[in-house]
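Take a look at the structure set out below.
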Amino acid sequence: MPSLDSLLEARSDVVAPQLLNRLLAVGHCVGRIVEVEAYGCSADPASHAFRGQTPRNATMFGPAGRLYVYFTYGMHHCANVVTGREGDGEAVLIRALAPVAGVELMRARRAAARRDADLCNGPGKLGQALAIDRACDGVDL
């Protein structure tokens, strides 16, 4: 498996499958990445970069290897790995994790989850379980 550093400057569709099975750690909470979604450059209408760089999405435009966090639906923080060359506006959304460590803390943050499998099985859920918020935007992974 190539090192993450050598991989991140590739396009998001190349990086996305390489992120699967890697660990994401935030404090004492750790999860194995099990689902991702690639967002291409500013030509991708589904991408936050589609309408150009703004204060909200600036992190997405690089450098690669940063965490791009956005707030959606007035309630969820979603985490993305920035990829591509600086200025490209590419990222990979982390859609789901399998909890590995810090499960008790994740359960406390996600009291509505009935099973451990439900702690991080969606982008908003994993944001809540790992306490990822806009303060994490731009963190160097």
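Here are the numbers for the structure shown:
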| quantity | calculated |
| --- | --- |
| Considering residues of the stretch 101-141 that are of a type in the set (A, V, I, L, M) and under 26 Å from Asp13 (Cβ atoms) only, the residue modelled with the lowest pLDDT | Leu141 |
| Number of positions in the stretch 28-52 that are open to solvent by less than 70 Å² (accessible area, probe 1.4 Å), part of a loop (DSSP other than H, G, I, E, B) and small (Gly, Ala, Ser) | 6 |
| The stretch 24-63 - residue that is charged (D, E, K, R) and modelled with pLDDT under 95 and, of those, farthest from Ala101 (Cα to Cα) | Arg51 |
| So Thr72, is it of a type in the set (S, T, N, Q), touching a strand residue (DSSP E or B) at 6+ places or on another chain (Cβ under 7 Å) and either farther than 19 Å from Leu141 by Cβ or surrounded by fewer than 15 Cβ atoms within 10 Å (Cβ to Cβ) (or both) | yes |
| Condition met for Pro55 (surrounded by fewer than 19 Cβ atoms within 10 Å (Cβ to Cβ) and under 19 Å from Asp133 (Cβ atoms)) | yes |
| Cβ pairs under 6 Å, 6+ apart, first in the stretch 34-53 and among the acidic types (Asp, Glu), second open to solvent by less than 40 Å² (accessible area, probe 1.4 Å) and modelled with pLDDT of 85 or more | Glu35/Ala96; Glu37/Leu93 |
| Residue in the stretch 97-114 that is touching a residue at least 40 places away in the same chain (Cβ under 8 Å) and closer than 18 Å to Ala38 by Cα present | yes |
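The values are calculated or read from the model by the stated rules, or taken from the named source; none is laboratory data. Here the structure is a predicted model, which is why all the values come from computation and not from measurement. Here the Cβ is made from the backbone with ideal geometry for all residues, glycine too, and neighbour counts use every protein chain on show. The accessibility values were calculated without ligands, DNA or RNA, using every heavy atom of the protein model including side chains. Shrake-Rupley method; radii C 1.70, N 1.55, O 1.52, S 1.80 Å.
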